[in-house]
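Shown next, in structure tokens, is the structure this report addresses.
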Amino acid sequence: MEAHWFDSFRSVVRKVIVSFGFLLPLAGLAAGMEEPKQLLDLKEIPWVKHDGDKHPILGDQIVLGLDGVSGQIELAPPKGSSDLLDLGWVLEIHAESKGKEIILIPTQSGKLSLPLLLVRSDSGDLIGRTQPLEWDIAAVEKKTEDPPDLALPASLVFPWKRILLWSLAGLSLLVGIIYAAWRIRRKLPEVVELPMPQPPAELEAQQALKALEASQSYQRLDWKRIAHRLSEILKKFLGRRHEFDALESTTAELINTLRNFGIEESSLQDLIVLFEELDRIKFTDWTPEAEAALRYMGAARKITARTSPQNGGGA
């Protein structure tokens, strides 16, 4: 009766340890509660070597196998280690058709040991354990490649002859283009730009008087602008009509020059009266009456018409 009770208690403790991973360090106690029925040898599957290294290096995968095992595998770590990371391993377990496949990835260099593994059956009974294994893990060495040898050129002779030949060829081509352009230009007829025909002085003056009469200055009776523009139109007309520079002449100089040309005294008196009033407006604050604008425009038209060729005037 007491043996039956002890077996039941032992089975319950074993199932609790299997169910909770944080109780795995007690797996050694559970294993001590009964003797394993057989000792399983861990079979190492050949791992792939890297560049002919004698020992595995960090990051390699060491693949091991347990044939005929389908149950649960537990780790029994040594004292002071809670998991495989403390021992320098990352462990993965996969179920295969022949049994269990265990993949070990070292995370540290030097001598690393894999502690014993406890193997249970599908029903959870402890059926055996493995022997600890040991590997000598080599650190990863960075290989530095030697820079390729850059052979210097045999000689660094500057190609003077080739540059000279290309320069002469380019200069010859440029001279030929310039000569051809000169020959073509000689054959072309020379284009003579004729001056634009200037309208007769009388017509030009009458058009200018008409434009002044239609301007805003004339409509607003801006006397300063009207006097300056009217004086300019008449001086330009008289200068063209008698071929002298009248624009730069004062009123006195203008009258004397016209008198030397033999202009009739009556025509000169009309000019003197008109220019004296225009000068008075330009150089003083005097302002004529509004109807003076019509009188000035009429006098200017009379002067240009009197001196026109068809009238044969004296001015």
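The values are calculated or read from the model by the stated rules, or taken from the named source; none is laboratory data. In this text the structure is predicted, and so the values were computed from the model without any measurement. For neighbour counting, all protein chains shown are included, and Cβ atoms are generated from backbone atoms with ideal geometry for every residue, glycine included.
Selection of first residues in the range 209-221 that are polar (S, T, N, Q) and of second residues that are surrounded by 14 or more Cβ atoms within 10 Å (Cβ to Cβ) and in a helix (DSSP H, G or I), restricted to Cβ pairs under 7 Å at least 6 apart or on distinct chains, gives the following pairs, ordered by first then second residue: Ser217/Arg225; Ser217/Ile226. Answer yes or no: is there a residue in the range 258-269 that is surrounded by fewer than 13 Cβ atoms within 10 Å (Cβ to Cβ), assigned by TED's automatic domain parsing to the domain that holds Ala300 and acidic (Asp, Glu). Within the range 258-269, one or more residues are surrounded by fewer than 13 Cβ atoms within 10 Å (Cβ to Cβ), assigned by TED's automatic domain parsing to the domain that holds Ala300 and acidic (Asp, Glu).
Helices (runs of 4 or more DSSP H) fully within the range 227-315 that include at least 3 residues being modelled with pLDDT under 90 and over 27 Å from Gln216 (Cβ atoms): 251-260, 265-283.
Just wondering, is there one or more residues in the range 138-152 that are at pLDDT 75 or above and closer than 26 Å to Val63 by Cβ? Yes, the range 138-152 contains at least one residue that is at pLDDT 75 or above and closer than 26 Å to Val63 by Cβ. Per the listing Pro199, Pro189, the residue uniquely at pLDDT below 90, out of contact with any Asp or Glu (no Cβ under 9 Å at 6 or more places or on another chain) and either surrounded by 10 or more Cβ atoms within 10 Å (Cβ to Cβ) or closer than 30 Å to Leu84 by Cα (or both) is Pro199. Applying the condition of being modelled with pLDDT under 80 and assigned to a strand (DSSP E or B) to the range 82-92 and asking which residue is surrounded by the fewest Cβ atoms within 10 Å (Cβ to Cβ) yields Leu91.
Answer yes or no: is there a residue in the range 216-226 that is at pLDDT 90 or above, assigned to a helix (DSSP H, G or I) and under 56 Å from the mean Cα position of the chain (by Cα). Yes, because at least one residue in the range 216-226 is at pLDDT 90 or above, assigned to a helix (DSSP H, G or I) and under 56 Å from the mean Cα position of the chain (by Cα).
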